[in-house]
Structures are given as structure tokens and as C-alpha cells.
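Structure first, commentary second.
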Amino acid sequence: MRMSRPCRAAPSRRVATLAPLLLVLAFTLSSCGDDSKRGESRSELEAELTKLSKFHQDDFRAGDTNKDLRLQDTELEAMLEEDFKSRDLDKDGEITEADIHQEAGKEVDAQASLEPFDLDKDGRVPIEEYAKHVERDFMKHMDTNNDGHLDPSEVSGFYGGQGVEAK
């Protein structure tokens, strides 16, 4: 699955992605309610999904392993873990400046890239800090109906029906 990174190596890299924003929901929201009370039909959810960029549609569909057009907490947790592992290039359990330089090159300001994620300011970002950053800065705005799921209409609403395509 394609994911954005905490740093941007070049303007051609996408600047927004669905996955990191969705992923922490698994760690922060309580169990989900009864889907039969949700009110959205499958065709309505499909219509909302088509409003997303191709990149965001692909990430949503890849994360939606049970194909119900709603991202459940277990699906979001798996997406978060996959995204974090793809950023931890040296596989030491933390994202560091070395990981950012390895991916994006020495010209990238790795310290500035880590800063929003590095909550305790120790130069290392374990998965717990990564998840807290995503929750603090993004997730509180996405699950607008507070049902513990993310559906295409919530994602589309967050991105204003638009997304930045990868080049």
C-alpha cells in the first residue's frame, strides 16, 4: 500500500494521504455500534468513494479488508502498523533522522520532518508517538459522526472531495 512520509523529498511527492490520517483511529475510538443503524446504503457509500482522488480510493479499498466500505478499528490498526513499518527503514522500532535521510536524501531537513511526530523531543518516534500525533492533529476531525468507523463520506468531507495525486 502506498503511504505518505513524514518528510517530502521533492514537490512531486504527494502531500496528503488517507492512510496516516485514518490509521490511529484503531487506537483511539471505542468499539463500533450497530451498522444497521448507520443509514448509508452501499450505493451512497460507493458514490462518496468516487469523490476521492484515485490515490485515496486505492488506499481506502486496500485498507477495507472486509469490503464493507467502512474502515473498522482492526483495519485501521493494520494500516497504521504497515505505514509505520514502511517508515522505519532500519527496523529498530523508531523513525529517526537516519530513516528520513535514507528515504529522502541528506538535503531534507530530517529534524523538521520529525518534529510534529516527536512528542517527547528525543529525536526518535516510536509507534506510540506516531499514533498520538496522527490522533491529535488529524483524527479528531475525520470521524464526524463519532461511530468508530470511517466511511467514504467522512474521508471525502475531510479532503473536501479532493486529494493530491501522486506524480
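Note on residue 61 and residue 128: their simple-model spin labels are 3.8 nm apart, each label 7 Å out from Cα toward Cβ. The modelled label-to-label distance between residue 102 and residue 120, using points 7 Å beyond Cα along the C-beta direction, is 2.2 nm. Run the paramagnetic zone check for residue 146: 7 angstrom along Cα to Cβ, then residues of the stretch 62-90 with backbone nitrogen under 16 Å. Counting only backbone N, you get no residues. For the stretch 58-167, which GluC sites (Glu not before Pro) pass both filters: DSSP loop (anything but H, G, I, E, B) and at most 14 other C-beta atoms within 10 Å? Here the sparse-neighbourhood loop sites are 107, 165. Of all aspartates and glutamates in the structure, the ones whose alpha carbon falls short of 13 Å from that of residue 140, not counting any fewer than 8 places away in one chain, are 154.
Segment residue 77..residue 41, full-extension length gain: 10.5 nm, with 0.36 nm per residue of separation and the alpha-carbon distance subtracted.
We did not get these values from a lab; they are worked out from the coordinates using the rules stated. Everything numeric in this text was worked out from a predicted model, so none of it was measured. Neighbour counts are summed over all protein chains in view; Cβ atoms, including those assigned to glycine, are modelled from backbone coordinates with ideal geometry.
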